[in-house]
1. Which pairs do you get when a residue that is within 18 Å of residue 148 (Cα to Cα), found in segment 212-225, comes within reach of a residue that is assigned to a loop (DSSP other than H, G, I, E, B) and of a type in the set (D, E, K, R), reach meaning Cβ atoms under 8 angstrom, with the pair 6+ apart or on two chains?
2. Here are some conditions: (1) of a type in the set (Lys, Arg); (2) exposed (fewer than 15 other Cβ atoms within 10 Å of the Cβ); (3) under 21 Å from residue 228 (Cβ atoms). Residue 121 meets all but one. Which one does it not meet?
3. From the list 219, 211, exactly one residue is touching a helix residue (DSSP H, G or I) at 6+ places or on another chain (Cβ under 6 Å), of a type in the set (Val, Ile, Thr) and at pLDDT 85 or above. Which is it?
4. Can you tell me which condition residue 253 does not meet? The list is (1) more than 19 Å from the chain's Cα centre (by Cα); (2) outside any helix (DSSP H, G or I), and all the others hold.
5. Would you confirm, using the coordinates I've provided, whether residue 277 is surrounded by fewer than 17 Cβ atoms within 10 Å (Cβ to Cβ), at pLDDT 85 or above, among the polar types (S, T, N, Q) and closer than 23 Å to residue 176 by Cβ?
6. Considering only residues that are crowded, with 21+ Cβ neighbours inside 10 Å, of a type in the set (A, V, I, L, M) and either modelled with pLDDT of 90 or more or part of a loop (DSSP other than H, G, I, E, B) (or both), which ones fall in segment 359-375?
7. State all residues of segment 216-260 that are touching an Asp or Glu at 6+ places or on another chain (Cβ under 6 Å) and among the acidic types (Asp, Glu); if no residue qualifies, say none.
8. So which of 312, 350, 294 ends up being closer than 26 Å to residue 434 by Cα and either polar (S, T, N, Q) or modelled with pLDDT of 80 or more (or both)?
Amino acid sequence: MATIRESDFPPLPSQKAKRQRSSKSKSAAKLQQPRSVRSYATLDDLPDELILKILDYLPGIDLRDFQLHTLLSLSLTTRHLHRVVSERLYATYDSYFCEPYLFLRTLISNQHLAESVRHAKFRYGDDAHLDRDRYSPNARDKKIIKEGMRALDFPDWKGWATRCNAEEVELDILHTAVMLHTPNLASLDVEDGNISAYSKAKWPELIKKATTGEHFGHTHRFSALKTVQIDAQNMVIHHLVPLLRLQSLQRLHLRELSEIELDMRAPAELRRVLPESCNNLVELVLEDCFLRFDALTTLISSARSLRSFRFDANQESVLLDGSGVMLQNALWRQRSSLESLDIYHDPYHDDAGGPDHGGLEQFPVLSQLKCPLRMVVDVRSGASASVLEFLPPALVSLCLTIRQDSGEEQFLQVLERMAHDYVTTVPQLKVLRLNVQVPAEELDYDWERLVKPWSSTGVEVIINLPSESDDEWGDWRTMSSDSEDSSDDSDEVELYSDLDSDEEID
């Protein structure tokens with residue numbers, strides 16, 4: 001709780017007049033009978049919970065006209081409002097809206113506010129708001145920054161103070177300094193770009209120095225940091241190793257991470273600095289990433305007990321000989337904990353030898369599965385292929401992608417047969433979703449053949465066709481096989497009703 005001083009809230013004009021009148025003669029005032037005054041409720045009379053609800057109705061964040069100043073002005077109205085609003089004011093920092101130097105100065109000047117920061121978003125490149133005028137610090141500002149760095153007493157604190165106070169200080173320096181002064185930082189979002197003139201960003205190195213056990217002054221150890229999201233356009237995996245070794249980190253989302261290293265020593269070096277089971281990640285998301293599969297498997301294997309993994313790429317990663325086996329082995333190590341698996345590409349069919357440890361049926365708690373159809377169907381079995389033998393027993397939601405030019409559409413009859421036998425293998429299944437990427441003109445298939453056998457089950461069937469499709473099913477957003485649960489005011493289409501098939505459904 002912040003210590004509120006009387007000087008922080010100078011009296012309003014009406015309060016000044018009241019104090020002047022009362023100071024003239026306190027004794028005389030006691031003899032006078034109080035006049036009957038009708039009382040009104042003020043903001044000070046409202047409970048904190050109601051005030052916070054009212055704050056939710058303030059104008060939303062506008063990229064051009066940020067409303068933080070409105071909230072700040074409101075917080076300075078009374079001590080009561082300041083107490084309620086201050087923590088919300090400083091709970092989230094976004095460098096797009098807030099000048100980083102001034103924010104750093106505030107954190108150093110007020111330790112309570114520094115401890116209130118829970119979330120930070122650092123922007124670089126096009127979204128860094130570089131067109132605005134940067135704050136030019138005066139001598140007093142520079143002294144505050146210098147004393148703040150001195151108080152942390154970490155190596156090179158003088159150099160950091162000098163760089164922060166430089167006339168054209170880089171954003172990366174200021175953002176890293178902010179991290180130094182936010183001990184309760186729980187989540188970090190970094191939009192990469194031209195971060196720095198240095199070879200790599202400073203903040204991962206800060207985490208490394210603060211967590212290696214060596215003397216690093218009075219700086220915190222990032223023990224509260226649990227979630228990190230990085231738009232890593234100009235970073236590589238080796239830059240992120242300190243983050244991946246951070247024991248508090250639980251969720252990591254990497255976007256546009258690209259690393260195709262031709263030096264064959266690099267995979268071995270990555271495994272050395274990022275060994276198996278070296279972190280506590282429970283969720284790993286790789287979106288639009290372009291990686292070698294040996295690097296990918298090293299990332300997966302670094303987690304002790306991964307619960308959720310998503311690898312979503314718009315283009316093929318570099319496929320090495322045996323890449324399917326490598327990925328299978330990495331996932332196999334997580335089989336006892338993995339609950340959600342989302343893989344966009346399927347490298348398995350390129351491996352002649354096939355997987356060594358069996359399929360996903362040996363993942364006991366895997367309940368959410370999204371993958372290409374070919375990943376759970378042995379296409380070598382031809383017409384007799386089955387999907388059930390490769391599915392995890394705890395499966396609740398199954399999302400399969402039918403990719404263009406993959407030949408997967410030839411195995412849709414496998415899903416037709418699955419409707420009759422699924423209860424014996426995946427009895428908890430509730431949702432079957434198909435994402436069809438094959439254009440209608442290239443797909444000679446009557447979808448009723450698939451939907452009808454599922455209509456007598458309790459499984460919801462959802463078929464997403466390409467938006468440009470001219471197929472009569474193409475307008476369906478949701479197709480539910482459980483018509484008893486459908487309602488006239490929902491977005492679901494009732495498959496078997498008295499309505500004419502050509503009638504438009506609202």
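The values are calculated or read from the model by the stated rules, or taken from the named source; none is laboratory data. Quantities reported herein were computed from a predicted structural model and do not represent experimental measurements. Ideal geometry is used to build each Cβ from the backbone, glycine not excepted, and the neighbour counts take in all protein chains shown.
1. Short answer, once both residue conditions are applied: 217/153; 218/153.
2. Only one criterion in (1) of a type in the set (Lys, Arg); (2) exposed (fewer than 15 other Cβ atoms within 10 Å of the Cβ); (3) under 21 Å from residue 228 (Cβ atoms) is unmet by residue 121, namely (2).
3. Every option except 219 fails the conditions.
4. Of the numbered conditions (1) more than 19 Å from the chain's Cα centre (by Cα); (2) outside any helix (DSSP H, G or I), the odd one out for residue 253 is (1).
5. no
6. 366, 369 - these are the residues of segment 359-375 that are crowded, with 21+ Cβ neighbours inside 10 Å, of a type in the set (A, V, I, L, M) and either modelled with pLDDT of 90 or more or part of a loop (DSSP other than H, G, I, E, B) (or both).
7. Answer for segment 216-260, where residues must be touching an Asp or Glu at 6+ places or on another chain (Cβ under 6 Å) and among the acidic types (Asp, Glu): 231, 256.
8. 312
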